[in-house]
Amino acid sequence: MIFEEITQTFRTRTYYIRPGYASNPCGYVLLDEYDIPELQNLSIDDYAKVDDFIDMHGGCTWVGPIPGKEGIWIGFDTNHWDDNFSTQNMQFAVDQCCEIIIQLLNHQESRVLR
């Protein structure tokens with residue numbers, strides 16, 4: 001499936017979807033300064049640290065900058081052994097990015113309420 005990359009906003013947060021290996025969609029969410037303190041200053045290989053706080057399809061497979069975009073991004077791909085047409089499509093990637101954003105916002109809200 002061929003598709004165009006997109007950058008969108010959901011609940012004031014930015015996400016980005018682009019074709020990955022074998023043209024399967026990869027989704028990324030831009031971190032901001034108010035996110036979980038443990039997600040600040042991540043190293044490029046800190047996937048496990050992200051997975052400790054955020055659930056995403058197949059686990060985190062990207063931490064770091066994206067060429068041509070500002071900031072630090074976390075992301076996932078849909079090229080796992082058990083992926084299929086139900087996970088390798090644009091709508092699934094959009095839904096996953098929105099779920100990641102909801103989790104980030106929920107973590108922010110719970111920190112404010114303490």
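Bear in mind these aren't lab numbers, they're just calculated from the coordinates by the rules spelled out. From a predicted model like this one, the values you see are computed outputs, not experimental measurements.
Brief remarks on what is shown
- Added length on full extension, which subtracts the Cα-Cα distance from 0.36 nm per residue, Phe10 to Ser23: 2.3 nm
- Size check on the range 6-113: the Cα extents along the three principal axes, sorted descending, read 40, 27, 25 Å.
- Taking max minus min of the alpha-carbon positions on each principal axis, the range 21-76 gives extents of 34, 25, 17 Å, largest first.
- Taking the longest Cα principal axis of the chain as reference, the axis of helix 90-113 is set at about 10 degrees.
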